[in-house]
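Let me begin by handing over the structure; questions about it come next.
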Amino acid sequence: MPTNVSDHAKKNNLVGVEFLLELPTTLSKPNKKWQVAFIKIYCSRTLLNCAKHAIPKPGLIHRSLSYTAIDLGNHQDHKEDSKIDHETLNDLVKNKNQEKLDSLGGPNGLVSALKTNTRLGINDEADEIQRRRTTFGSNTYTRPPSKSLLHFVIEAFKDLTILILLGCATLSLGFGIKEHGLKEGWYDGGSIFVAVFLVVAVSAVSNFRQNRQFDKLSKVSSNIKIDVVRSGRRQEISIFDIVVGDIVCLNIGDQVPADGVFVEGHSLHVDESSMTGESDHLEVSLTGNTFLFSGTKIADGFGKMAVTSVGMNTAWGQMMSHISRDTNEQTPLQSRLDKLTSSIGKVGLLVAFLVLVVLLVRYFTGSTKDESGNREYNGKKTKSDEIVNAVVEMVAAAVTIIVVAIPEGLPLAVTLTLAYSMKRMMKDQAMVRKLSACETMGSATTICTDKTGTLTLNQMKVTDFWFGLESGKASSSSLSMKVVELFHQGVAMNTTGSVFKANSGSEYEFSGSPTEKAILSWAVEELKMDMEGVIGEHDVVHVEAFNSEKKRSGVLMKKKKGEEIRVVHWKGAAEKILAMCSTFYDGSGVVREIDEDDKIKFEQIIQSMAAKSLRCIAFAYSKDNGEETTKKLREERLSLLGIVGIKDPCRPGVKKAVEDCQFAGVSIKMITGDNIFTARAIAVECGILTPEDEMNKDAVLEGEEFRNYTQEQRLEKVERIKVMARSSPFDKLLMVKCLKELGHVVAVTGDGTNDAPALKEADIGLSMGIQGTEVAKESSDIVILDDNFASVATVLKWGRCVYNNIQKFIQFQLTVNVAALVINFVAAVSAGEVPLTAVQLLWVNLIMDTLGALALATEKPTNDLMKKKPIGRVAPLITNIMWRNLLAQAFYQIAVLLVLQFRGRSIFGVNEKVKNTLIFNTFVLCQVFNEFNARSLEKKNVFKGIHKNRLFIGIIVVTVVLQVVMVEFLKRFADTERLNLGQWGVCVAIAALSWPIGWVVKSVPVPEKHFFRYLKLNKRS
């Protein structure tokens, strides 16, 4: 039956019922009883109201009134998540469908349709979040599948030398079976096959594990934190936990985490270059463009957005699902090693070619004999199969020499040490984004660091405040209500932070930057500010967001009720705000002119605060904007309200970290936006400024002064500068360029969006994981996860460790290369045969390439690394010290093995096969003992800290065990003979002499200038 209920009543009742149905069901029993009682009362009144409207005249009562039944028990099971379908939401932002947005009632209508609230956000209950995730999808995108182990196996088989060896193995296998039958003939070819597959397997597994490691790091680096409002509380959540309907808070430098619509904020500009390629920043406002794309960056301003699409429903998600991380990044060191590998490979190719020619000549001239002493080649009497088989063996030997000569283990060693160090650095609070940064950091000569959060704890608290020329501690209780009200306005309306209190008994929660949180906490606790009340009474007309150039933020506002008077509030660096003021409020609320004496007093107050390491923030006010346009805030003839001093203590251990870096020869420069007095006080406290530096007038200066120097003056003074205060991001960039021009390897820390140019320009960009914006992180090479300078010092140590480990491996591998090439060449030329077979050489190759790389590339950093001077930009990869060590060991091995080659049979009274086994065994054991020598390039004690490196010990044990198996049990496979205990003792004794030789050689001094430079000088002369 129709009723005469008015549309207005219907609307009110519908809103009321909806409000009731939105209440959570997870309540305690007493609360549930109160809720049921409230619902009954409310519904009774609603039905009565409906009845009143349904009866137009008294006395006319219909016999069958319509009624509404409300199920209060299970209403949430039937509740829809939103009033808008999935496809419409996806189309809305992706196609910038303004018409559709208008039909929904604009941003506010969209918020209602999504059943969320601009101020309160969505309900924080797990069921509600899961329901939205199920309905609209999660904020993740499908990644391209990781490369499988089979992929790396196939890649390993593409190596030309491996293919040639496989070809030789196939021919050898075929001829062997044809000549000796399947039972005996498969050994030679089969042995090469097994050895090749072993090398391929180890290489493929190593690369596969490294790829998996990069995938894990990629997931960690993409898991950024986002500020959202849920149940009225601003909180930080993972980007992957964002759901449709979330209200996301956006600030300068943030990445937009999903597609959405702008619902609140000011001066918001977005960098859409990652999506559109356009470099111009796009303004976002309620009256213009309101659409925000996932993956874009906030360039300026602040605001809130309602999420409309997540994950694969966004253009960014679809694009990222087709992009795989490139793990084949070539670092500078790898490039240098590729050149070194190429050079050594050419030498090896030449030696192998000469060996092949000599072997062929000796064979076809009848100079070689078989085991019975008969000539192997007898002209036409020799079968063609025998000739081909002999030639194949010679080619296999020559190719194996190439395999041994080419140090393909060098790139593998770099990859292993970088992957290992990346994993360990994550535990030390440093996430590597670019591989090259690991090794480059080891060469760093200068570190330019921020102050806030890096050298200090970033736990800020207001400890000093002045109202006019009176100390707040003495006068806050008797402060004029007019001044308190103005402070309330200036703090509550001119902030990007927020205050939340769950209920009357709970404590306040403050969110925002550390500075904002400190000021909000002070205003609430000391000045009894009610932030919600102040915001509710005022409207924001225009905002000038804080940026590091102006070092201030301002707001133009008016009261919602009463006169249309617009007032301006500014907040920022004390001396900047003071320069904009002509009057000040004293504690009693009287406005006074600022004369010269007052100005000096205010400057003294600021300096006294700064001398106590306090950050000084001033507040100013103007009743009249003085500008016709709302786009420009008044910046002169303001009234100073007061000054607050914020304490940010130095981090524990930062002084020790600074001293360690300085002792390591690395210059530390502090670049901060604070005033010169605060900067100087912090620099002294952290140990950056020493008493000697205090005598240097160029040690501390302001950014503007440095900026105004000529380029020649900057280059002359930049190395002496220790502290640059009141600096802008441009000043930081300018300093980095000057230092690089002077040949320094520069590391820079940064956290803001405007730091991006300096982070990119530096040799190593270090962004902050906690305070750093996403723009800064993407511009950096390494993210310092705990924002601590001590972690920067740890990264420096790891960088040196990476470089040092690779140098150790180069020394170890070149020793083997030189020895193997010389022995095989001399033996081939003189005796017409190589003492080491293809299988034996492949085993040596496996020891020195893969196992050697694992053993030496995973050494942990030691404090000794911080006692050396920085390597710098142009230091040679192979130093004089390395040449000294490797040549001494190589010559020793060559001498011993050549004696065994030519006199071994007579010395030990053994046959040819046992002699060759002695050579092979001695050669391998020499490498095992020399691996200990390679642990330290300069230290004589090579066993120091060896108990801490279990992997090294494990690899040595595995190598020795496998060598015993090769000699004693795999005779046919390895072409060896069993050795008795005496012969094993001789092999071990010869190899063990590597230790005393290494100890003596390290006592020999070497010149600092690389000997290749002497050669260049001689050529020039």
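The values are calculated or read from the model by the stated rules, or taken from the named source; none is laboratory data. Please read all numbers here as calculations on a predicted model, not as lab measurements. Backbone-built Cβ (ideal geometry, glycine too); neighbour counts: all protein chains shown. Note: areas computed on protein heavy atoms with side chains; ligands, DNA, RNA excluded. Shrake-Rupley method; radii C 1.70, N 1.55, O 1.52, S 1.80 Å.
Run the simple label-point estimate for TYR508 and ASP91 please: 7 Å along Cα→C-beta, distance reported in nm.
4.8
Over the stretch 489-580, what is the relative contact order in percent, taking alpha-carbon pairs closer than 8 angstrom and at least six residues apart?
In percent, rounded to a whole number, it is 23.
Determine the gain in length on full extension of the stretch LEU354-LEU715; use 0.36 nm per residue of separation and subtract their C-alpha separation, reporting nm with one decimal.
Going from the current span to full extension adds 124.5 nm.
How large a share of the accessible area of the stretch 823-894, in percent, is made up of carbon and sulfur atoms when the probe is 1.4 Å and the other protein chains stay in place?
Taking all protein chains in place, the stretch 823-894 shows 69 percent carbon and sulfur surface.
Let me ask another. Around GLY703, what is the net charge, scoring Lys/Arg as +1 and Asp/Glu as -1 over all other residues with Cβ under 15 Å from its Cβ?
After counting each charged neighbour, the total is +3.
Out of residues 5 or more away from GLY265 or on other chains, whose amide H comes under 5 Å of its own, with H placed 1.01 Å from N in the peptide plane?
LYS304
Rounded to the nearest 0.05, what FRET efficiency do ALA875 and ALA895 have when you use their Cβ-Cβ distance and R0 = 35 Å?
0.65
Something else about it: Based on a Kirkwood Rh over C-alpha pairs, give the Stokes-Einstein translational diffusion coefficient of the stretch 461-647 at 37 °C and viscosity 0.692 mPa s in µm²/s.
D, rounded to a whole number, is 197 µm²/s.
With a 1.4 Å probe and every protein chain left in place, work out the accessible area per residue of the stretch 461-647 in Å², rounded to a whole number.
So the stretch 461-647 comes to 47 Å² accessible per residue, rounded to a whole number.
While we're looking at this one, here's another question. Would you work out the Kirkwood radius for the stretch 777-829? I mean one over the mean of 1/r across all pairs of different Cα atoms, in Å.
For the stretch 777-829, the Kirkwood estimate is 14.5 Å.
In addition: Return the whole-Å distance between the Cα centroid of the stretch 768-799 and the Cα centroid of the stretch 577-607.
After rounding, the separation between the Cα centres reads 40 Å.
I need to check one value: relative contact order of the stretch 774-876, counting alpha carbon pairs closer than 8 Å and at least 6 residues apart, in percent.
Across the stretch 774-876, relative contact order equals 40 percent.
Here is a further query. Need one number: nm distance between label points at GLU1008 and ALA126, each 7 Å from Cα along Cα→Cβ, rounded to one decimal.
6.4
log10 I(q)/I(0), Debye, Cα-only the stretch 124-201, no solvent, q = 0.13 Å⁻¹?
So the normalised log intensities are -0.57.
With θ taken as phi - 60° and the coefficients 6.51, -1.76 and 1.60, list the Karplus ³J(HN,Hα) couplings across the stretch 337-354 in order, rounded to whole Hz; mark glycine and proline as x.
5, 4, 5, 5, 4, 4, 5, 5, x, 5, 5, x, 4, 5, 4, 4, 5, 5
In addition: Quickly rank 418-427, 758-767, 118-127 as a protection proxy: mean count of other C-beta atoms within 10 Å, highest first.
My ranking of the peptides, most packed first, is 758-767, 418-427, 118-127.
Within 10 Å, count the other beta carbons around each residue, average over each peptide in 920-930, 149-159, and list them highest first.
In descending order of packing, they fall as 920-930, 149-159.
Through the Karplus equation 6.51 cos²θ - 1.76 cosθ + 1.60, θ set to phi - 60°, convert the phi angles of the stretch 390-399 into ³J(HN,Hα) values in whole Hz; use x for Gly and Pro.
Using θ = phi - 60°, the values come out as 5, 5, 4, 4, 5, 4, 4, 5, 5, 5 Hz.
In addition: Just to check I understand the Karplus step: with θ = phi - 60° and J = 6.51 cos²θ - 1.76 cosθ + 1.60, what whole-Hz values come out for the stretch 603-612, glycine and proline as x?
Result, rounded to whole Hz: 5, 5, 4, 5, 5, 5, 5, 4, 5, 8.
How large is the accessible surface per residue of the stretch 650-763, computed with a 1.4 Å probe and reported in Å² as a whole number?
For the stretch 650-763, the solvent-accessible area averages 40 Å² per residue.
Under 18 Å from the Cα of LYS381, which aspartates and glutamates turn up, not counting those fewer than eight places away in the same chain?
GLU179, ASP370
Using a probe of 1.4 angstrom, how much of the accessible area of the stretch 461-647 is carbon and sulfur, in percent?
47
Still on this structure, I have one more. Report, by chain and number, residues whose modeled amide H sits under 5 Å from the one on ASP786, excluding near sequence neighbours (fewer than 5 apart, same chain).
GLY769
Next question, about the same structure. With a 1.4 Å probe and every protein chain left in place, work out the accessible area per residue of the stretch 813-921 in Å², rounded to a whole number.
34
Next question, about the same structure. Once the piece of chain linking THR170 and PHE663 is laid out straight, how much longer is it, given 0.36 nm per residue of separation minus the C-alpha distance between them?
Computed gain between THR170 and PHE663 is 171.5 nm.
Would you give the gap between the C-alpha center of the stretch 94-119 and the C-alpha center of the stretch 384-399, rounded to a whole Å?
Going from one Cα centre to the other spans 79 Å.
Search the structure for amide H atoms under 5 Å from the amide H of LEU469, placed 1.01 Å from N in the peptide plane, and list their residues when 5 or more places away or on another chain.
It is GLY587, by chain and number.
While we're here: With a 1.4 Å probe and every protein chain kept in, tell me what percent of the accessible surface of the stretch 91-231 is carbon plus sulfur.
It is 58 percent, rounded to a whole number.
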